[in-house]
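**Student:** The structure's right below; bear with me while I get my questions together.
None of the figures in this text is laboratory data; all of them are computed from the coordinates on show. Remember, predicted model here, so these are calculated numbers, not experimental data. Quick reminder, even Gly has a Cβ in these numbers, built from the backbone with ideal geometry, and neighbours come from all protein chains shown.
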Amino acid sequence: MKKLGMAVVAGCGIIFGSQVWAGDEHTVEGVIKDIKMSDKKLTISHGPIKTLGMDGMTMDFAVSDPGMLEVVQKGHTVSFVIEVDQKGNFIITDIEDKGMAK
Ligand SMILES: [Cu+2]
């Protein structure tokens with residue numbers, strides 16, 4: 001019975017590793033390409049996000065607090081946290097400006 005239990009735990013690990021769940025948080029680095037004040041969105045060029053199964057790309061992200069749009073600058077590297085909402089949308093819940101991109 002103990003062996004069977006281990007197999008079930010391992011199986012769950014594989015399932016969790018390959019799917020995106022609401023409420024999940026993902027920390028990502030990228031470069032700010034545009035700040036869209038009226039849309040409350042940031043255009044960010046990001047590297048691959050393994051936990052989301054996403055390749056590197058440039059895309060728009062909504063922010064949970066419009067104040068985040070004022071603490072970042074175009075051309076700067078940022079470290080940010082993406083949360084997946086109930087509808088599967090990505091929203092930035094935290095962001096840190098790390099200065100001019102190298
Ligand atoms: Cu993307």
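**Student:** Using the Karplus curve 6.51 cos²θ - 1.76 cosθ + 1.60 with θ = phi - 60°, work out ³J(HN,Hα) for each residue of segment 64-75 in order, rounded to whole Hz, and write x for Gly and Pro.
**Tutor:** Computed from phi, the couplings for segment 64-75 are 6, 9, x, x, 5, 5, 9, 9, 10, 10, 4, x Hz.
**Student:** Now for a different question. Per-residue HN-Hα couplings for segment 95-101, Karplus 6.51 cos²θ - 1.76 cosθ + 1.60 at θ = phi - 60°, whole Hz, x for Gly and Pro?
**Tutor:** 8, 9, 7, 10, x, 3, 5
**Student:** What is the distance in Å between the Cα centroid of segment 20-41 and that of segment 63-102?
**Tutor:** 5 Å
**Student:** A further question follows. So who's got an amide H within less than 5 Å of the one on Asp94, skipping anything under 5 residues away but keeping other chains? H placed 1.01 Å off N, in plane.
**Tutor:** Amide H neighbours of Asp94: Val81.
**Student:** What are the GluC sites (Glu not before Pro) within segment 26-102 that DSSP puts in a loop, where the Cβ has at most 16 other Cβ atoms within 10 Å?
**Tutor:** none
**Student:** May I pose another question? Which links in Lys41/Lys87; Lys36/Lys98; Lys33/Lys87; Lys50/Lys102 stretch past 21 Å when you go from one Cα to the other?
**Tutor:** Listed pairs above 21 Å: Lys33/Lys87; Lys50/Lys102.
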